[in-house]
Each structure stands twice: as C-alpha cells, then as structure tokens.
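The values are calculated or read from the model by the stated rules, or taken from the named source; none is laboratory data. Here the structure is a predicted model, which means the values were calculated and not measured. In this analysis, Cβ positions are derived from the backbone assuming ideal geometry, glycine residues included, and neighbour counts consider all displayed protein chains. These accessible areas exclude ligands, DNA and RNA; they are computed on the full protein's heavy atoms, side chains included. Shrake-Rupley method; radii C 1.70, N 1.55, O 1.52, S 1.80 Å.
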Amino acid sequence: MNHLIVDREARMLPNWRDAMPAAAVVSRRATAGGDGSGVGIRWCRLRTGEKLGDVLPHLPAALPGYRTVILADEPSDALTLESLSAGAAGCCNTHAAPEVLKQVALVVANGGLWVGQSLLQQVIGNTTRALAQRGKLSSDDPLPGLSEREQQVARLVAAGASNKEIADRLQIAERTVKAHLTAIFEKTGARDRLQLSLRINGVKL
C-alpha cells in the first residue's frame, strides 16, 4: 500500500514515520508527488485555523487511484462529516498514535470509512431507529460462524467500544482484540466497524 502525506510543508512527524515508514511527504505547492500510478492512501493534513477547502482542491484529479484521509489538528464530528461529504474516506487526529493510523489505513485500504467513536454511535443509532420504523430490520442471526469470543468482541464494537475498551472489558490484550477483529471482518465480509455494527444491530445491508 502506497502512502502520500500532503502538508503545508514537507516535514514528516514522528508518529507518521512510525506508522508509515515508507510514506512520501510533499508540500501542497508540489505536484502529486511520484508518478501518481497505482493505488494508495493520500493523507491530507488540515492545520489549526485552516478550512477543508484549503486542503482538497485539485487533489482528486492528481491521484485518481488514491483514497483520501484528512489528518486534522483539531478533529471533530462536524469536520468528519464535511470530509466524507467532500469525498474523503475518513478523518482522524494528526497526532494519533501509530497503531491508530495503521488501523485507519487498514480500514480505508479495504474500502471502508473511518469515523470517530462518537459519530459512529450516532450514525448507528439513527440508522437503526430509522430502518426499524420502516420495518427493514432483519430477524436473522447477524453473526453466523463466529466463535463465542468473536461474538463478544463484535457486539462490543456494535456498542461503539474502542479496542482498548474491549480489551479492558474482556481482560485480554489489545493485539488479541485486533486479531479477533481481523477474523470477524473476514468471516462476516464487513469492510469496517460501521458496516459490522449495522449488521450486528440487525440492519439489512
């Protein structure tokens, strides 16, 4: 997976380097960077005081094979929704831990969207209520083929819990939670936490 980081100045932050050691960093004044071939993730930093329009113009045409993630110095649910509406695949904190950035990359690379926990809970709650009113909730078992532990992890994801919260609740290591999630995504065909959560909550996809 190719990674291109676009910032006001071409300077690699330590957490970016730890998460994506082979990533290229370019300034917004530069062209797309590289030859623009293949597929990958373009990480666009949004600094404090900047607007999304300062970051996104002309970028989709520059690298058509890349999905965009906004790295926000001041992330918020409103900014995440604005980013998704503008065609980005997600929004996360500029200074997020390397493990979080790796998880974002995994979700986005698999075709999913990355949203924060609070927004995820809002979306799940609102969608589930709306579809329930329309009679589109499924009565089928949403988790066939999962082990008991995988079902526990999946249901905690559906409740909006983070990996750390799941680890604390089940008294297991975070790396074990990640391993369970990998297996869960493979068995259910869900692309990301949102899709998995909707399925677990009985929403017909």
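Observations on the structure shown:
- Criterion (surrounded by 14 or more Cβ atoms within 10 Å (Cβ to Cβ), over 22 Å from Val115 (Cβ atoms) and modelled with pLDDT under 90) met by exactly one of Ala10, Ala32, Ala86: Ala32
- Residues that are in contact with a Phe, Trp or Tyr (Cβ under 9 Å, 6 or more places away or on another chain) and at pLDDT 90 or above, drawn from the stretch 35-75: Gly40, Ile41, Arg42, Trp43, Thr68, Val69, Ile70, Leu71
- Condition check for Val123 on (1) open to solvent by less than 20 Å² (accessible area, probe 1.4 Å); (2) of a type in the set (A, V, I, L, M, F, W, C); (3) modelled with pLDDT under 90: one failure, at (1).
- Residue in the stretch 172-194 that is assigned to a helix (DSSP H, G or I), crowded, with 19+ Cβ neighbours inside 10 Å, basic (Lys, Arg) and modelled with pLDDT under 80 present: no
- Positions within the stretch 175-205 being among the charged types (D, E, K, R) and either in contact (Cβ under 8 Å) with a residue 24 or more places away in the chain or closer than 17 Å to Ser118 by Cβ (or both), in sequence order: Lys178, Lys187, Arg191, Asp192, Arg193, Arg199, Lys204
- Filtering Ala97, Ala22 for residues that are modelled with pLDDT of 90 or more, small (Gly, Ala, Ser), farther than 21 Å from Gly116 by Cα and surrounded by fewer than 19 Cβ atoms within 10 Å (Cβ to Cβ) leaves a single hit, Ala22.
- Any hit, the stretch 147-161, residues being modelled with pLDDT under 90, in a loop (DSSP other than H, G, I, E, B) and open to solvent by less than 30 Å² (accessible area, probe 1.4 Å): yes
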